[in-house]
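The structure appears right after this line, and notes come after that.
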Amino acid sequence: MKKMLSLSLLFLMIGLTGIESICAQVGYGNRYGRQRSTVPQIQDTPKPPEPMTAEEMVDERMPSISETLELNPFEEAVVRTTLIKYVQKKLELQILELEPQKMREEYEKLGKLQNEEIKAGLPEEKYEAYLELEKNRFKAKRKKKEKKKKKNKE
């Protein structure tokens, strides 16, 4: 009788622990198993860098302009506000996505207006130095493009 009782207790204990581990594996009770969400996890996609504003673009160029032209604070303020105004207009033109010919014409108009305003705010010698500075920047860009074209042709 004692053997029978101890044997039945042994089977009962094995049965209870077996049932609990089976339930945990299946997911009833979630005591031992890892809980999984039914909603799929989306990985964070890197955000594209935000385009620079007109003020940021001008602020980036202003130290070299004011250093090269040796501008006083008033002249620097005139040049800065003028550049911000026209860079903003050029950015707005880019958003419109006009035809290339029309876009070129509008850029030329804006360039002329910008130069007129800067000429009105700067002495003649500093204005000439500003024009020379702008010409040098454009020549450097053209040289880079020409080098790339030559490499591509080879």
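The values are calculated or read from the model by the stated rules, or taken from the named source; none is laboratory data. Here the structure is a predicted model, which is why all the values come from computation and not from measurement. Cβ: placed from backbone, ideal geometry, glycine included. Neighbour counts: every protein chain shown. The protein model used for the area step is the full one, side chains on, heavy atoms only, and it has no ligands, DNA or RNA in it. Shrake-Rupley method; radii C 1.70, N 1.55, O 1.52, S 1.80 Å.
Collect the residues in segment 37-70 that are more than 22 Å from Glu106 (Cα to Cα), of a type in the set (D, E, K, R) and either at pLDDT 90 or above or assigned to a helix (DSSP H, G or I) (or both), keeping them in residue-number order.
First pass over segment 37-70, keeping only residues more than 22 Å from Glu106 (Cα to Cα): 37-50, 56, 59-70.
Filter once more, so that each one left must be of a type in the set (D, E, K, R): 44, 47, 50, 56, 59-61, 67, 70.
Of everything in segment 37-70, those that are more than 22 Å from Glu106 (Cα to Cα), of a type in the set (D, E, K, R) and either at pLDDT 90 or above or assigned to a helix (DSSP H, G or I) (or both) turn out to be Glu56, Asp59, Glu60, Arg61, Glu67.
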If we scan segment 90-111, do we find a residue that is at pLDDT below 90, surrounded by fewer than 10 Cβ atoms within 10 Å (Cβ to Cβ) and not in a helix (DSSP H, G or I)? yes
It is to be established whether one or more residues within segment 71-81 are more than 24 Å from Met52 (Cα to Cα), modelled with pLDDT of 85 or more and open to solvent by 100 Å² or more (accessible area, probe 1.4 Å). yes
